[in-house]
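Note sheet for the following structure.
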Amino acid sequence: MAEMAASGESPEILFWVGCAGSFDDRYKAVTQAFVKILNKVGVSFAVLGPEETCTGDPARRAGNEFLFQMQAVSNIQVLNGYNIKKVVTACPHCFNTIKNEYPALGGHYEVIHHSTFLQQLINEGKVTMQGGGGFKGKKITFHDSCFLGRANNVYEAPREVIKALDVELVEMKRCRTKGLCCGAGGAQMYKEPEPGKKDINIERTEEALDTGASAIAVGCPFCLTMMTDGIKNKNRENDVQVYDIAEMIAKDQGL
Amino acid sequence: MSILSRLIFLLIFIIAGYILYRRVSFLRRAILLGKESDRTDNPSERLKVMGLVAFGQKKMFKRIVPAILHLFLYIGFIIINLEILEFVIDGLSGQHRFFAPFTGTWYVVALNIFEFLAVGTLVASIIFLIRRNAIAIKRFTARELKGWPGLDANIILMAEITLMIAILVMNATDQALADKGFGYYTQIDGLFFSSLIKPLFIDMGAETLFIIERVAWWFHIIGILAFAVYVTYSKHLHIFLAFPNVYYSNLKPKGQMDNMEAVTNEVNMMLGLPANTPEGEAPAEIARFGAKDVNDLSWVNVLNAFSCTECGRCTDQCPANMTGKLLSPRKIMMDTRDRAEEVAISIDKGGPGLEDGKSLLGDYITKEEIFACTSCNACVEACPVNIDPLAIIIEMRRYIAMEESGTPQQWNAMFQNIETSFSPWKFSPSDRFNWADKLKAEETK
Ligand code: SF4
Ligand code: SF4
């Protein structure tokens with residue numbers, strides 16, 4: 001972004017990568033896949049790179065409002081400094097925070113989750129399916145992220161994207177408004193769960209496996225980690241894959 | 001009816017009214033222990049939500065069987081209470097079936113509707129009792145329902161059953177008396193359900209029948225008044241509170257947490273930015289960050305607690321609860337209500353109130369419960385009366401994090417990572433853009 005600004009350009013969208021998208025080894029692949037799609041379509045976009053910092057979501061959900069607001073205010077200063085109007089992100093937590101919680105602190109942007117953005121590209125014919133990746137006809141289930149679904153009522157966009165791949169989309173017993181959390185939200189990602197009889201991601205993975213799907217599609221970095229761990233725990237990593245929807249589209253495009 | 005019985009009737013009414021008045025003003029005080037919170041925006045949207053969710057029971061219909069059974073109780077409650085109007089007029093004026101002479105066939109139609117609903121309520125109550133006790137559905141056997149809450153549910157169902165039986169017996173004996181041409185009883189042709197049980201009574205003498213009819217009549221009206229009083233001491237407060245509760249519910253996206261203005265001011269000061277408060281106005285003194293006790297919550301949170309039906313739909317959907325963690329969003333609501341009630345009673349008695357050495361967090365709700373929440377909003381989504389247990393959980397986390405620094409070790413480490421390397425994980429901020437290296441390498445290939 002700094003480079004673009006220096007040369008006086010202003011991008012159409014800012015791609016907010018998020019911490020998982022920047023640092024998580026598995027999830028970096030999703031960032032790369034999404035960027036490849038953006039490049040292929042020729043969308044003018046920028047990323048903040050090293051100027052991006054945590055939105056503050058995990059701090060806020062863990063109760064540390066100070067830390068959240070410190071993060072939020074400095075991020076807003078950067079975003080406003082570049083005069084950003086439209087933000088796209090692959091992380092539902094970043095999406096929720098920037099869209100719903102930054103306005104109270106002076107950050108007003110049009111914020112879109114990458115599922116909605118991909119759906120728009122497909123609807124506008126900017127992305128047409130190439131049949132790569134071998135998804136056609138496969139049974140695929142979609143795991144709703146709480147922060148995309150219940151928190152922000154985005155249920156259909158990721159499903160439309162998956163359906164565009166001509167797959168057989170199978171729903172889990174608990175889906176959409178009743179979708180079961182992967183267990184990572186509310187800053188649970190960063191600590192061991194409280195004592196109980198089971199881990200939440202195992203409960204959810206079992207439900208996903210019950211559908212008989214050969215892949216679990218997600219739209220959230222934490223869900224990706226939790227479901228991948230669940231699949232490993234069940235020793236099914238050889239026959240059941242966990243993908244972010246952007247990866248599926250990139251694969252289809254042969255990117 | 002004699003003057004004496006009319007006076008007794010009036011007296012009973014006044015007593016019930018007085019008890020109700022005292023209880024309602026008590027509840028008001030208890031709810032207003034909570035802090036100010038403005039939920040008066042967008043009244044038209046609020047009315048719409050109230051119409052759909054409270055009046056229309058929209059969210060109940062996610063589960064069709066209990067929804068239909070509950071609908072019987074609900075409509076039964078509303079419609080049968082119309083009948084009370086006639087009871088009151090009869091009771092005070094000493095007449096019998098005041099409306100009958102001039103409403104003609106409408107009267108028969110109305111009475112049949114009442115009887116139909118009475119039977120529906122009867123059946124629904126019996127099925128609910130079976131579901132609760134014999135089938136022992138999971139959400140009705142949780143730890144927070146042991147003791148009084150479980151008993152409360154059963155009492156009200158039994159009360160419904162006896163009240164409904166009283167209506168049917170009253171109508172049946174009334175008609176049996178009319179058949180005999182006794183006293184002021186007049187024939188009302190075509191009462192379907194009560195005529196089914198009339199054969200039980202026709203062999204009885206007119207005197208006995210008269211006594212049964214009067215007993216059923218008094219039982220019904222006193223029963224309803226007692227019910228009205230009882231409701232205000234029970235989870236059945238939701239019959240009334242569901243309406244304001246839904247009206248004042250959160251209209252914003254569920255993922256959005258409220259901004260703490262007090263913190264914003266401090267953050268702005270630290271960063272050398274202008275404060276949000278208008279010039280010359282000192283920022284309001286904040287007693288406490290987050291919530292330790294009921295008075296730290298907003299009045300909407302406390303209203304939520306008193307509106308809770310204890311149905312457990314929230315807990316049933318809670319990922320933490322279903323995997324065996326202590327957290328139960330229903331228990332959060334019940335604890336909040338119990339604490340608010342305890343404090344309000346104490347204040348009324350001139351006792352220590354909030355300063356009784358106890359607090360909601362600690363004595364009712366444990367940190368272990370609070371920490372287990374994934375903020376997934378499943379409880380909020382599931383609640384048929386738009387209660388928000390998550391809001392209370394978050395306020396308590398704020399208290400734990402900011403007043404006590406009592407968050408789990410791993411969270412503290414996460415906080416520290418964000419402070420020092422601007423990411424919840426310990427990575428160097430300068431590596432943030434490294435993901436692009438692979439793409440750049442591919443491009444140059
Ligand atoms: S938001 Fe928290 S309390 Fe509510 S269902 Fe989810 S985990 Fe349970
Ligand atoms: S909070 Fe709502 S869903 Fe939970 S028990 Fe109370 S009324 Fe039922």
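Here are some notes:
- Amide H contacts under 5 Å for A:Val88, placed H, 5+ residues apart: A:Leu14, A:Phe15, A:Trp16, A:Ile112
- Remark: chain A is approximated by an ellipsoid whose semi-axes, taken from the C-alpha gyration tensor as √(5λ), come to 29, 24, 14 Å, largest first.
- Most mobile of A:Ile112, A:Ile162, A:Ile122 in a GNM of chain A (Cα contacts under 10 Å): A:Ile122
- Positive-pole candidate from B:Ile155, B:Ile197, B:Ile222, dipole of region B:119-239, charges at beta carbon: B:Ile155
- Reachable lysines from A:Lys173, criterion Cα separation under 17 angstrom, eight or more residues apart if same chain: A:Lys139, B:Lys62
- No Cys partner within the rule (Cβ under 4.7 Å), chain B: B:Cys308, B:Cys311, B:Cys318, B:Cys373, B:Cys383
- Residue of A:Glu101, A:Glu160, A:Glu194 that the Gaussian network model of chain A assigns the largest fluctuation, springs spanning Cα pairs under 10 Å: A:Glu194
- What region B:1-96 shows is 59 Å² of accessible area per residue, with the surface traced by a 1.4 Å probe over protein heavy atoms.
- Dipole-positive endmost among A:Ser7, A:Gly63, A:Phe95 within region A:2-118 (Cβ charges, Cα centre): A:Phe95
- With contacts taken as Cα pairs under 8 Å at a separation of at least 6 residues, region A:128-252 carries a relative contact order of 34 percent.
- Region B:3-26 and region A:179-255: distance between their alpha carbon centers, rounded to Å: 61 Å
- Net dipole in debye of the protein assembly as shown [+1 Lys, Arg Cβ; -1 Asp, Glu Cβ; about Cα centre; nearest 20]: 1340 debye
- The fraction of accessible area contributed by carbon and sulfur in chain B is 65 percent, rounded to a whole number (1.4 Å probe; ligands and nucleic acids excluded).
- Pairwise burial A:B, computed as accessible area of each alone minus the pair, summed, 1.4 Å, Å²: 5800 Å²
- For chain A: relative contact order, % (alpha-carbon pairs under 8 angstrom, 6 or more apart): 21 percent
- Dipole magnitude of region B:138-271, debye to nearest 20 (Cβ charges: Lys/Arg +1, Asp/Glu -1, about Cα centre): 480 debye
- With every protein chain in place, region A:2-118: carbon and sulfur % of accessible area (1.4 Å): 51 percent
- In region A:141-172, the residues that give up 40 Å² or more of accessible area when the other protein chains are added, compared with the chain on its own (1.4 Å probe), are A:Arg150, A:Ala151.
- For chain B, built as a Gaussian network whose Cα springs stay under 10 Å, the top-fluctuating residue of B:Arg432, B:Arg143, B:Arg313: B:Arg432
- Estimated dipole of chain A in Debye, rounded to 20 [Cβ of Lys and Arg +1, of Asp and Glu -1, Cα centre]: 480 debye
- Whichever lysines have a C-alpha closer than 27 Å to that of B:Lys349, once near sequence neighbours (fewer than 8 apart) are set aside: B:Lys35, B:Lys235, B:Lys292, B:Lys331, B:Lys358
- Accessible surface, region A:62-165, averaged per residue in Å² (probe 1.4 Å): 32 Å²
- Interface residues of region A:64-80, defined as a loss of at least 40 Å² in heavy-atom accessible area between the chain alone and the complex of all protein chains with a 1.4 Å probe, are A:Asn64, A:Glu65, A:Phe66, A:Leu67, A:Gln69, A:Met70, A:Val73.
- Entry note, chain B: relative contact order of 19 percent, from Cα contacts under 8 Å with a spacing of 6+ residues.
- Considering only Cα atoms, the convex hull volume of region A:100-230 works out to 124 Å³ per residue.
- Among B:Phe55, B:Leu4, B:Val109 the positive-end extreme of the charge dipole of region B:1-148 (Cβ point charges): B:Phe55
The values are calculated or read from the model by the stated rules, or taken from the named source; none is laboratory data. All of these numbers come straight from a predicted model, not from anything done at the bench. Neighbour counts are summed over all protein chains in view; Cβ atoms, including those assigned to glycine, are modelled from backbone coordinates with ideal geometry. Quick note on the areas: whole protein, heavy atoms, side chains included, nothing else; ligands and nucleic acids left out. Shrake-Rupley method; radii C 1.70, N 1.55, O 1.52, S 1.80 Å.
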